[in-house]
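The values are calculated or read from the model by the stated rules, or taken from the named source; none is laboratory data. All figures in this text were calculated on a predicted structure; none of them were measured in a lab. All Cβ positions, glycine included, derive from the backbone under ideal geometry; neighbour counts span all protein chains shown.
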Amino acid sequence: MQPSNPIHINDYDYDLPESKIPNKPLPNRDESKLLVYNQGDIATASFQSIAEYIPANALMVFNNTKVFPARLIFEKETGSAIEIFCLEAISPTITTENKTYSAQWQVMVGNLKRWKSGKLKYFSTVFNLSAEFLERSGDTCIVKFEWEHEEAFFTVLEQIAELPLPPYMNRKADEADKNRYQTVYAQHLGSVAAPTAGLHFTPAVLDSLQIKSIQTTEITLHVGAGTFKPVKTENAVEHEMHSEKFTITKEAIEKILNSEFVIPVGTTSMRLMESLYWLGVKNKISENGLQTVLNQWDAYQLPHTFSVNESLQHLLAIMQNHKLKSLQGATQIFIVPSYEFKICKAIVTNFHQPKSTLLLLVSAFIGDNWKKVYQFALANDFRFLSYGDSSLIIK
(Lines give C-alpha, C1' and ligand atoms only; values in the text may rest on other atoms or scores of the structure.)
Protein backbone atom coordinates (compact mmCIF):
# COMPACT_ATOMS: atom_id res chain seq x y z
CA MET A 1 0.00 0.00 0.00
CA GLN A 2 1.44 3.34 -1.07
CA PRO A 3 0.47 6.84 0.14
CA SER A 4 -3.11 7.50 -0.97
CA ASN A 5 -2.63 11.16 -1.83
CA PRO A 6 -0.62 12.10 -4.92
CA ILE A 7 2.72 13.87 -4.46
CA HIS A 8 3.11 16.37 -7.28
CA ILE A 9 6.81 16.41 -8.09
CA ASN A 10 6.57 19.90 -9.59
CA ASP A 11 5.85 21.15 -6.07
CA TYR A 12 9.44 20.18 -5.25
CA ASP A 13 11.09 22.17 -8.00
CA TYR A 14 13.26 25.26 -7.63
CA ASP A 15 15.64 27.24 -9.81
CA LEU A 16 19.21 25.99 -9.33
CA PRO A 17 21.70 28.06 -11.35
CA GLU A 18 24.76 26.19 -12.64
CA SER A 19 26.92 28.77 -10.85
CA LYS A 20 25.75 27.25 -7.55
CA ILE A 21 27.05 23.77 -8.44
CA PRO A 22 30.83 23.43 -7.94
CA ASN A 23 32.57 20.64 -9.81
CA LYS A 24 35.68 20.89 -7.65
CA PRO A 25 35.96 20.66 -3.86
CA LEU A 26 37.25 23.42 -1.59
CA PRO A 27 40.97 23.22 -0.69
CA ASN A 28 40.03 22.05 2.81
CA ARG A 29 37.02 19.86 3.60
CA ASP A 30 35.87 21.59 6.77
CA GLU A 31 36.03 25.12 5.36
CA SER A 32 32.61 24.64 3.80
CA LYS A 33 29.69 26.70 5.04
CA LEU A 34 27.11 25.24 7.37
CA LEU A 35 23.45 26.21 7.35
CA VAL A 36 21.90 25.51 10.74
CA TYR A 37 18.14 25.05 10.75
CA ASN A 38 16.78 24.61 14.26
CA GLN A 39 13.02 24.29 14.59
CA GLY A 40 12.36 27.08 12.10
CA ASP A 41 15.31 29.36 12.87
CA ILE A 42 18.17 29.60 10.35
CA ALA A 43 21.77 30.67 10.91
CA THR A 44 25.04 30.50 8.97
CA ALA A 45 28.18 28.99 10.43
CA SER A 46 31.40 27.26 9.41
CA PHE A 47 31.39 23.49 9.24
CA GLN A 48 34.43 23.50 11.53
CA SER A 49 32.11 24.61 14.34
CA ILE A 50 29.37 21.99 13.83
CA ALA A 51 29.96 20.45 17.28
CA GLU A 52 28.69 23.69 18.85
CA TYR A 53 25.24 23.05 17.37
CA ILE A 54 24.95 19.34 18.22
CA PRO A 55 23.14 18.49 21.47
CA ALA A 56 25.46 16.90 24.02
CA ASN A 57 23.24 13.81 24.32
CA ALA A 58 23.27 13.15 20.56
CA LEU A 59 24.42 10.09 18.67
CA MET A 60 25.84 10.82 15.21
CA VAL A 61 25.63 7.97 12.69
CA PHE A 62 28.23 7.84 9.89
CA ASN A 63 28.07 5.77 6.72
CA ASN A 64 31.53 4.22 6.24
CA THR A 65 30.95 2.95 2.71
CA LYS A 66 33.74 3.54 0.20
CA VAL A 67 33.35 4.50 -3.45
CA PHE A 68 35.02 2.14 -5.90
CA PRO A 69 36.28 3.10 -9.37
CA ALA A 70 33.38 1.85 -11.46
CA ARG A 71 33.80 3.28 -14.97
CA LEU A 72 35.63 1.20 -17.59
CA ILE A 73 36.17 2.29 -21.19
CA PHE A 74 36.50 -0.59 -23.65
CA GLU A 75 37.20 -0.27 -27.36
CA LYS A 76 35.84 -2.45 -30.15
CA GLU A 77 38.03 -3.47 -33.07
CA THR A 78 36.06 -0.96 -35.15
CA GLY A 79 37.24 1.81 -32.82
CA SER A 80 33.89 2.37 -31.14
CA ALA A 81 34.18 3.21 -27.43
CA ILE A 82 31.97 1.22 -25.07
CA GLU A 83 31.64 2.52 -21.52
CA ILE A 84 30.78 0.00 -18.84
CA PHE A 85 29.63 1.37 -15.50
CA CYS A 86 29.91 -1.35 -12.86
CA LEU A 87 27.09 -1.42 -10.32
CA GLU A 88 27.38 -4.60 -8.26
CA ALA A 89 28.50 -8.20 -8.46
CA ILE A 90 25.71 -10.71 -9.01
CA SER A 91 27.93 -13.78 -8.74
CA PRO A 92 31.10 -14.48 -6.73
CA THR A 93 34.49 -14.60 -8.39
CA ILE A 94 35.36 -18.07 -9.64
CA THR A 95 38.62 -19.52 -10.93
CA THR A 96 38.39 -20.94 -14.43
CA GLU A 97 40.26 -23.96 -15.80
CA ASN A 98 42.90 -21.84 -17.51
CA LYS A 99 43.74 -20.08 -14.22
CA THR A 100 41.91 -16.87 -15.00
CA TYR A 101 39.16 -15.35 -12.88
CA SER A 102 35.56 -14.66 -13.78
CA ALA A 103 32.51 -12.93 -12.30
CA GLN A 104 29.16 -11.64 -13.49
CA TRP A 105 28.19 -8.04 -12.77
CA GLN A 106 25.17 -5.83 -13.15
CA VAL A 107 26.29 -2.83 -15.17
CA MET A 108 25.10 0.11 -17.21
CA VAL A 109 26.48 0.30 -20.73
CA GLY A 110 27.07 3.44 -22.75
CA ASN A 111 26.77 3.11 -26.52
CA LEU A 112 24.97 -0.21 -26.00
CA LYS A 113 23.54 -0.19 -29.52
CA ARG A 114 27.07 -0.85 -30.78
CA TRP A 115 27.55 -3.88 -28.53
CA LYS A 116 24.89 -6.57 -28.68
CA SER A 117 27.09 -9.62 -28.28
CA GLY A 118 30.67 -10.89 -28.14
CA LYS A 119 33.66 -10.00 -25.99
CA LEU A 120 35.41 -6.68 -25.53
CA LYS A 121 39.06 -6.41 -24.53
CA TYR A 122 40.47 -3.76 -22.22
CA PHE A 123 43.83 -2.83 -23.73
CA SER A 124 47.04 -1.78 -21.98
CA THR A 125 46.55 -3.73 -18.78
CA VAL A 126 48.40 -6.57 -17.11
CA PHE A 127 45.04 -8.08 -16.20
CA ASN A 128 43.98 -8.95 -19.78
CA LEU A 129 40.48 -7.91 -18.83
CA SER A 130 37.61 -8.85 -21.10
CA ALA A 131 33.85 -8.24 -20.93
CA GLU A 132 31.20 -10.45 -22.47
CA PHE A 133 27.64 -9.22 -22.95
CA LEU A 134 25.17 -11.76 -21.52
CA GLU A 135 21.75 -10.16 -21.34
CA ARG A 136 19.80 -6.98 -20.89
CA SER A 137 17.91 -6.49 -17.62
CA GLY A 138 15.68 -3.41 -17.69
CA ASP A 139 17.86 -0.30 -17.67
CA THR A 140 20.95 -2.37 -16.92
CA CYS A 141 22.84 -5.34 -18.38
CA ILE A 142 24.52 -8.47 -17.12
CA VAL A 143 28.15 -8.73 -18.17
CA LYS A 144 30.69 -11.47 -17.56
CA PHE A 145 34.20 -10.21 -16.80
CA GLU A 146 37.32 -12.35 -17.13
CA TRP A 147 40.80 -11.35 -16.02
CA GLU A 148 44.19 -12.63 -14.88
CA HIS A 149 46.71 -12.30 -12.03
CA GLU A 150 44.52 -10.79 -9.29
CA GLU A 151 41.64 -12.63 -7.66
CA ALA A 152 39.80 -9.59 -6.28
CA PHE A 153 37.92 -7.75 -9.02
CA PHE A 154 37.74 -4.63 -6.84
CA THR A 155 41.56 -4.55 -6.95
CA VAL A 156 41.46 -4.74 -10.74
CA LEU A 157 39.01 -1.83 -10.81
CA GLU A 158 41.14 0.23 -8.45
CA GLN A 159 44.07 -0.18 -10.83
CA ILE A 160 42.40 0.64 -14.15
CA ALA A 161 38.89 2.05 -13.73
CA GLU A 162 37.80 5.66 -13.26
CA LEU A 163 36.04 7.03 -10.18
CA PRO A 164 32.40 7.73 -11.10
CA LEU A 165 31.73 11.39 -10.39
CA PRO A 166 28.08 12.51 -10.55
CA PRO A 167 26.95 13.38 -14.09
CA TYR A 168 26.23 17.01 -13.23
CA MET A 169 29.95 17.66 -12.63
CA ASN A 170 30.48 17.30 -16.38
CA ARG A 171 34.06 16.09 -16.05
CA LYS A 172 36.11 12.98 -15.49
CA ALA A 173 37.63 12.30 -12.10
CA ASP A 174 41.20 13.48 -11.57
CA GLU A 175 43.87 12.37 -9.13
CA ALA A 176 42.59 14.68 -6.37
CA ASP A 177 39.13 13.12 -6.50
CA LYS A 178 40.53 9.77 -5.40
CA ASN A 179 40.91 11.32 -1.98
CA ARG A 180 38.31 14.09 -1.90
CA TYR A 181 35.39 12.04 -3.22
CA GLN A 182 35.79 9.72 -0.23
CA THR A 183 35.02 10.42 3.40
CA VAL A 184 37.97 10.33 5.79
CA TYR A 185 36.31 7.37 7.54
CA ALA A 186 35.49 5.34 4.39
CA GLN A 187 36.25 1.64 4.86
CA HIS A 188 34.08 -0.77 2.91
CA LEU A 189 34.14 -0.75 -0.90
CA GLY A 190 30.75 -0.96 -2.54
CA SER A 191 29.36 2.48 -3.50
CA VAL A 192 29.23 4.13 -6.91
CA ALA A 193 28.51 7.50 -5.31
CA ALA A 194 29.88 9.06 -2.15
CA PRO A 195 27.71 9.70 0.91
CA THR A 196 28.47 13.36 0.33
CA ALA A 197 27.22 14.72 3.65
CA GLY A 198 30.29 13.11 5.18
CA LEU A 199 32.80 14.75 2.85
CA HIS A 200 33.06 17.80 5.13
CA PHE A 201 34.31 15.89 8.17
CA THR A 202 38.01 15.98 9.04
CA PRO A 203 39.91 14.36 11.91
CA ALA A 204 39.80 17.75 13.66
CA VAL A 205 36.02 18.00 13.36
CA LEU A 206 35.61 14.42 14.57
CA ASP A 207 37.86 15.27 17.53
CA SER A 208 35.65 18.26 18.33
CA LEU A 209 32.67 15.91 18.63
CA GLN A 210 34.60 13.67 20.99
CA ILE A 211 35.69 16.64 23.13
CA LYS A 212 32.01 17.53 23.59
CA SER A 213 31.28 13.86 24.47
CA ILE A 214 28.98 13.47 21.47
CA GLN A 215 28.53 9.76 20.75
CA THR A 216 29.28 8.37 17.29
CA THR A 217 28.74 5.07 15.50
CA GLU A 218 29.18 3.73 11.98
CA ILE A 219 26.97 1.82 9.60
CA THR A 220 27.52 0.68 6.02
CA LEU A 221 25.03 1.38 3.26
CA HIS A 222 26.34 1.12 -0.29
CA VAL A 223 25.09 3.99 -2.41
CA GLY A 224 23.81 2.91 -5.82
CA ALA A 225 23.49 4.79 -9.09
CA GLY A 226 19.76 5.03 -8.41
CA THR A 227 20.47 7.92 -6.06
CA PHE A 228 20.81 10.07 -9.22
CA LYS A 229 17.70 8.64 -10.87
CA PRO A 230 15.33 11.54 -11.50
CA VAL A 231 11.66 11.39 -10.64
CA LYS A 232 10.07 11.38 -14.09
CA THR A 233 6.47 10.78 -13.04
CA GLU A 234 4.19 13.71 -12.25
CA ASN A 235 2.99 11.81 -9.20
CA ALA A 236 6.16 10.92 -7.25
CA VAL A 237 4.32 7.98 -5.65
CA GLU A 238 4.60 6.22 -9.03
CA HIS A 239 8.42 6.45 -8.96
CA GLU A 240 10.29 3.19 -8.39
CA MET A 241 12.79 3.70 -5.60
CA HIS A 242 16.21 2.05 -5.79
CA SER A 243 17.33 -0.56 -3.29
CA GLU A 244 20.62 -0.32 -1.40
CA LYS A 245 22.51 -2.97 0.57
CA PHE A 246 23.50 -2.39 4.17
CA THR A 247 25.42 -3.86 7.08
CA ILE A 248 24.91 -2.74 10.68
CA THR A 249 26.49 -4.23 13.78
CA LYS A 250 24.73 -5.28 16.95
CA GLU A 251 26.73 -2.64 18.84
CA ALA A 252 25.51 0.12 16.52
CA ILE A 253 21.87 -0.90 16.99
CA GLU A 254 22.38 -0.92 20.77
CA LYS A 255 23.78 2.60 20.62
CA ILE A 256 20.81 3.77 18.56
CA LEU A 257 18.41 2.10 20.98
CA ASN A 258 20.00 3.85 23.95
CA SER A 259 20.22 7.30 22.35
CA GLU A 260 17.73 10.09 22.90
CA PHE A 261 18.81 12.14 19.89
CA VAL A 262 19.94 10.30 16.74
CA ILE A 263 21.52 12.42 13.99
CA PRO A 264 22.32 10.56 10.76
CA VAL A 265 25.08 12.03 8.62
CA GLY A 266 23.49 12.00 5.19
CA THR A 267 20.33 10.73 3.60
CA THR A 268 21.86 7.26 3.28
CA SER A 269 22.29 6.96 7.04
CA MET A 270 18.79 8.38 7.58
CA ARG A 271 17.25 5.80 5.26
CA LEU A 272 18.89 2.99 7.20
CA MET A 273 18.03 4.45 10.62
CA GLU A 274 14.36 4.57 9.74
CA SER A 275 14.52 1.19 8.01
CA LEU A 276 15.76 -0.40 11.24
CA TYR A 277 12.53 0.42 13.01
CA TRP A 278 10.44 -1.11 10.23
CA LEU A 279 12.63 -4.20 10.00
CA GLY A 280 12.05 -4.69 13.71
CA VAL A 281 8.30 -4.42 13.16
CA LYS A 282 8.44 -6.67 10.10
CA ASN A 283 10.23 -9.36 12.08
CA LYS A 284 7.88 -8.95 15.03
CA ILE A 285 4.81 -9.80 12.93
CA SER A 286 6.45 -12.22 10.50
CA GLU A 287 6.04 -15.96 10.59
CA ASN A 288 8.53 -16.54 7.77
CA GLY A 289 11.90 -16.34 9.51
CA LEU A 290 14.44 -13.52 9.57
CA GLN A 291 13.36 -10.49 7.52
CA THR A 292 16.28 -8.38 6.23
CA VAL A 293 14.74 -6.63 3.22
CA LEU A 294 12.53 -3.55 3.46
CA ASN A 295 10.44 -2.86 0.37
CA GLN A 296 9.49 0.54 -1.01
CA TRP A 297 6.13 0.94 0.75
CA ASP A 298 6.55 -1.34 3.78
CA ALA A 299 6.79 1.66 6.12
CA TYR A 300 3.36 2.83 5.02
CA GLN A 301 1.55 -0.46 5.41
CA LEU A 302 3.16 -2.09 8.45
CA PRO A 303 1.53 -1.41 11.86
CA HIS A 304 2.68 1.76 13.65
CA THR A 305 1.71 0.50 17.09
CA PHE A 306 5.15 -0.60 18.34
CA SER A 307 7.53 1.76 20.14
CA VAL A 308 11.10 2.26 18.92
CA ASN A 309 12.28 0.39 22.02
CA GLU A 310 10.02 -2.61 21.26
CA SER A 311 11.05 -2.74 17.62
CA LEU A 312 14.82 -2.46 18.11
CA GLN A 313 14.82 -4.79 21.12
CA HIS A 314 13.07 -7.40 18.99
CA LEU A 315 15.59 -6.90 16.19
CA LEU A 316 18.44 -7.45 18.65
CA ALA A 317 16.72 -10.56 20.04
CA ILE A 318 16.33 -11.98 16.53
CA MET A 319 20.03 -11.35 15.87
CA GLN A 320 20.90 -13.06 19.14
CA ASN A 321 18.78 -16.07 18.21
CA HIS A 322 20.53 -16.33 14.85
CA LYS A 323 23.95 -15.69 16.46
CA LEU A 324 24.49 -12.64 14.25
CA LYS A 325 27.08 -10.01 15.17
CA SER A 326 25.84 -7.83 12.32
CA LEU A 327 22.70 -7.58 10.24
CA GLN A 328 23.00 -7.56 6.45
CA GLY A 329 20.13 -6.71 4.15
CA ALA A 330 18.72 -4.17 1.74
CA THR A 331 16.36 -1.23 1.99
CA GLN A 332 14.18 0.30 -0.70
CA ILE A 333 12.40 2.64 1.69
CA PHE A 334 10.93 5.70 -0.02
CA ILE A 335 10.67 8.55 2.47
CA VAL A 336 8.16 11.06 1.14
CA PRO A 337 5.95 13.77 2.66
CA SER A 338 3.44 12.13 5.05
CA TYR A 339 6.13 9.76 6.38
CA GLU A 340 6.31 9.69 10.20
CA PHE A 341 9.91 9.59 11.44
CA LYS A 342 10.58 7.06 14.18
CA ILE A 343 14.26 7.39 15.05
CA CYS A 344 15.91 10.48 13.52
CA LYS A 345 15.74 13.85 15.32
CA ALA A 346 18.07 15.78 12.99
CA ILE A 347 20.20 15.28 9.89
CA VAL A 348 23.47 16.55 8.43
CA THR A 349 23.05 16.81 4.68
CA ASN A 350 24.10 18.70 1.57
CA PHE A 351 21.68 20.59 -0.69
CA HIS A 352 19.91 18.39 -3.23
CA GLN A 353 18.72 18.58 -6.80
CA PRO A 354 15.25 19.88 -7.66
CA LYS A 355 12.54 17.22 -8.01
CA SER A 356 14.76 14.51 -6.50
CA THR A 357 13.95 11.72 -4.05
CA LEU A 358 16.47 13.29 -1.68
CA LEU A 359 14.61 16.59 -1.65
CA LEU A 360 11.39 14.67 -0.97
CA LEU A 361 13.11 13.18 2.08
CA VAL A 362 14.07 16.63 3.37
CA SER A 363 10.51 17.82 2.84
CA ALA A 364 9.18 14.80 4.69
CA PHE A 365 11.40 15.80 7.62
CA ILE A 366 10.64 19.53 7.92
CA GLY A 367 7.61 20.01 5.68
CA ASP A 368 7.29 23.11 3.52
CA ASN A 369 10.10 24.73 5.48
CA TRP A 370 12.43 23.06 2.98
CA LYS A 371 11.59 26.02 0.73
CA LYS A 372 12.68 28.46 3.43
CA VAL A 373 15.96 26.57 3.87
CA TYR A 374 16.72 26.40 0.16
CA GLN A 375 15.74 30.02 -0.50
CA PHE A 376 18.08 31.08 2.31
CA ALA A 377 20.89 28.93 0.92
CA LEU A 378 20.48 30.35 -2.59
CA ALA A 379 20.30 33.94 -1.34
CA ASN A 380 23.37 33.52 0.88
CA ASP A 381 25.71 31.99 -1.69
CA PHE A 382 25.73 28.41 -0.43
CA ARG A 383 27.12 25.83 -2.86
CA PHE A 384 24.89 22.91 -3.84
CA LEU A 385 25.15 19.15 -4.51
CA SER A 386 28.10 16.79 -4.01
CA TYR A 387 31.00 19.21 -3.60
CA GLY A 388 28.75 21.87 -2.14
CA ASP A 389 28.17 23.16 1.39
CA SER A 390 26.40 21.48 4.29
CA SER A 391 23.37 21.87 6.50
CA LEU A 392 22.39 20.70 9.95
CA ILE A 393 18.62 20.34 10.11
CA ILE A 394 17.11 19.92 13.58
CA LYS A 395 13.42 19.13 13.49
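Among the residues of region 204-248, which ones are outside any helix (DSSP H, G or I), polar (S, T, N, Q) and over 25 Å from Trp297 (Cα atoms)?
Listed by number, the residues that qualify are Ser213, Gln215, Thr216, Thr217.
Within region 49-76, take every residue that is closer than 24 Å to Thr216 by Cα and β-branched (Val, Ile, Thr) and give me the one that is surrounded by the most Cβ atoms within 10 Å (Cβ to Cβ). Spell out how you get there, then give the answer.
Residues of region 49-76 that are closer than 24 Å to Thr216 by Cα, as a first pass: 49-67.
After this cut, where a residue has to be β-branched (Val, Ile, Thr) as well, the list is 50, 54, 61, 65, 67.
On the way: Ile50: 22, Ile54: 20, Val61: 29, Thr65: 32, Val67: 24.
Ranking the qualifying residues of region 49-76, first place goes to Thr65.
How many residues does region 255-277 hold that are closer than 21 Å to Leu361 by Cα and either part of a loop (DSSP other than H, G, I, E, B) or free of Cβ contacts under 8 Å to residues at least 40 places away in the same chain (or both)?
Qualifying residue count, region 255-277: 1.
Give region 128-172 a look and list any residue that's touching a helix residue (DSSP H, G or I) at 6+ places or on another chain (Cβ under 7 Å) and not in a strand (DSSP E or B), or say none.
Hits for region 128-172 are Leu129, Glu150, Leu163, Leu165, Pro166, Pro167.
Hand me the list of strands (runs of 3 or more DSSP E) wholly inside region 61-111 holding 1 or more residues that are touching a strand residue (DSSP E or B) at 6+ places or on another chain (Cβ under 7 Å), more than 17 Å from Phe153 (Cα to Cα) and modelled with pLDDT under 90.
Numbers: elements: 65-67, 71-75, 81-89, 101-110.
Per the criteria, 71-75, 81-89, 101-110.
Quick check on region 77-92. Is at least one of its residues of a type outside the set (A, V, I, L, M), in contact (Cβ under 8 Å) with a residue 60 or more places away in the chain, surrounded by 14 or more Cβ atoms within 10 Å (Cβ to Cβ) and closer than 30 Å to Phe261 by Cβ?
Within region 77-92, the subset of a type outside the set (A, V, I, L, M) is 77-80, 83, 85-86, 88, 91-92.
Checking the rest, the ones that are also in contact (Cβ under 8 Å) with a residue 60 or more places away in the chain come to 85-86, 88.
Filter again for surrounded by 14 or more Cβ atoms within 10 Å (Cβ to Cβ), leaving 85-86, 88.
After this cut, where a residue has to be closer than 30 Å to Phe261 by Cβ as well, the list is none.
Checked region 77-92: no residue is of a type outside the set (A, V, I, L, M), in contact (Cβ under 8 Å) with a residue 60 or more places away in the chain, surrounded by 14 or more Cβ atoms within 10 Å (Cβ to Cβ) and closer than 30 Å to Phe261 by Cβ.
Do we find that Thr196 is closer than 21 Å to Met169 by Cβ, out of contact with any Phe, Trp or Tyr (no Cβ under 7 Å at 6 or more places or on another chain) and polar (S, T, N, Q) in this structure?
yes
From the list Ile335, Ile318, Ile263, which one is assigned by TED's automatic domain parsing to the domain that holds Ile50, surrounded by 22 or more Cβ atoms within 10 Å (Cβ to Cβ) and touching a strand residue (DSSP E or B) at 6+ places or on another chain (Cβ under 9 Å)?
Ile263
Restricting the search to region 169-227, which residues are in contact (Cβ under 8 Å) with a residue 12 or more places away in the chain and charged (D, E, K, R)?
Once the filter is applied, which keeps residues that are in contact (Cβ under 8 Å) with a residue 12 or more places away in the chain and charged (D, E, K, R), region 169-227 yields Arg171, Asp177, Lys178, Arg180, Lys212, Glu218.
Name the residue, out of Leu315, Leu359, Leu392, that is in a helix (DSSP H, G or I) and closer than 27 Å to Leu34 by Cβ.
Leu359
Can we say Thr292 is at pLDDT 95 or above, out of contact with any Lys or Arg (no Cβ under 6 Å at 6 or more places or on another chain), buried (at least 18 other Cβ atoms within 10 Å of the Cβ) and assigned by TED's automatic domain parsing to the domain that holds Pro195?
no
Hey, any hits in region 149-164 for a residue that's without any contact (Cβ under 8 Å) to a residue 60 or more places away in the chain and surrounded by 21 or more Cβ atoms within 10 Å (Cβ to Cβ)? Explain how you work it out, then say what you get.
Going residue by residue through region 149-164, those that are without any contact (Cβ under 8 Å) to a residue 60 or more places away in the chain are 149-152, 155-156, 159.
Those left that are additionally surrounded by 21 or more Cβ atoms within 10 Å (Cβ to Cβ): 156.
Scanning region 149-164 turns up at least one residue that is without any contact (Cβ under 8 Å) to a residue 60 or more places away in the chain and surrounded by 21 or more Cβ atoms within 10 Å (Cβ to Cβ).
When region 278-304 is examined, which residues are found to be assigned to a helix (DSSP H, G or I) and within 15 Å of Ala317 (Cβ to Cβ)?
If the condition is that a residue be assigned to a helix (DSSP H, G or I) and within 15 Å of Ala317 (Cβ to Cβ), then Leu279, Gly280, Val281, Lys282, Asn283, Lys284, Ile285 are the ones that fit.
What tally of residues in region 142-192 results from selecting those that are under 23 Å from Thr202 (Cα atoms) and charged (D, E, K, R)?
5
Among Ser4, Ser19, Ser32, Ser46, which is over 16 Å from Ile347 (Cα atoms), without any contact (Cβ under 8 Å) to a residue 60 or more places away in the chain and either touching a strand residue (DSSP E or B) at 6+ places or on another chain (Cβ under 7 Å) or buried (at least 18 other Cβ atoms within 10 Å of the Cβ) (or both)? Outline the logic, then answer.
Numbers: Ser4 fails: either touching a strand residue (DSSP E or B) at 6+ places or on another chain (Cβ under 7 Å) or buried (at least 18 other Cβ atoms within 10 Å of the Cβ) (or both); Ser19 fails: either touching a strand residue (DSSP E or B) at 6+ places or on another chain (Cβ under 7 Å) or buried (at least 18 other Cβ atoms within 10 Å of the Cβ) (or both); Ser32 fails: without any contact (Cβ under 8 Å) to a residue 60 or more places away in the chain.
When all the criteria are applied, what remains is Ser46.
Among residues belonging to region 359-384 that are surrounded by 21 or more Cβ atoms within 10 Å (Cβ to Cβ) and among the aliphatic types (A, V, I, L, M), point out the one that is farthest from Ile263 (Cα to Cα).
Here the residue is Ala377.
Under the condition of being in a loop (DSSP other than H, G, I, E, B), touching a helix residue (DSSP H, G or I) at 6+ places or on another chain (Cβ under 7 Å) and not aliphatic (A, V, I, L, M), which residue from region 1-22 is nearest to Arg171 (Cα to Cα)? So that I can check it myself, show each step before the final result.
Step one: of region 1-22, the residues in a loop (DSSP other than H, G, I, E, B) are 1-7, 13-17, 21-22.
Those still in the list that are touching a helix residue (DSSP H, G or I) at 6+ places or on another chain (Cβ under 7 Å) too: 1-3, 6-7, 14, 21.
Those still in the list that are not aliphatic (A, V, I, L, M) too: 2-3, 6, 14.
Details: Gln2: 38, Pro3: 38, Pro6: 37, Tyr14: 24 Å.
Ranking the qualifying residues of region 1-22, first place goes to Tyr14.
With respect to Tyr185, is the statement that it is among the hydroxyl-bearing types (Ser, Thr, Tyr) and crowded, with 20+ Cβ neighbours inside 10 Å true?
No; evaluated as a whole, the condition is false for this residue.
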